[in-house]
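Contents: one structure, followed by commentary.
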Amino acid sequence: MLGLRLPEILIILVVVLLVFGAKKIPELGDALGKGIRSFRKASDKAFDQDDSGDTASKAQQDRQLPHGSATATPPSPAAADKAEKKV
C-alpha cells in the first residue's frame with residue numbers, strides 16, 4: 001500500500017482532521033462515495049456498450065468472411081505463391 005504504515009496513516013488522518021474539521025469529514029466522505037459510485041456506473045455503461053458493439057461488429061465480420069477463414073486480411077502474395085507451388 002505505497003509503503004504507508006500505521007504511523008504515517010495516522011499522521012495523514014490527523015492533518016486531514018485539522019484542515020477540514022470534524023464536521024466536514026463525513027460530508028467529504030459522502031461526496032467522495034457518491035463520486036466513486038457515479039464514476040463506476042458511467043464506466044460500467046461504457047464498458048457494456050463497448051461489449052455489445054464488439055459482438056455485433058464481430059458477428060458482422062464473421063458473415064463477411066469466406067467460410068473457414070479466420071482473419072479478415074487477405075493472404076500475402078508470397079503466401080499465395082507458396083500455396084500454388086504445393087498444389
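The numbers here are math on the coordinates, done by the rules we state, and not lab data. Worth saying up front: this structure is predicted, and the values here are computed from it rather than measured.
Can you give the extra length, in nm with one decimal, that the chain gains between GLN49 and ILE9 once fully stretched, where that is 0.36 nm per residue apart less the Cα-Cα distance?
The GLN49-ILE9 span can extend by a further 10.5 nm.
Taking 0.36 nm per intervening residue step and subtracting the Cα-Cα distance, what contour gain separates PHE20 from ILE36 on full extension?
3.7 nm
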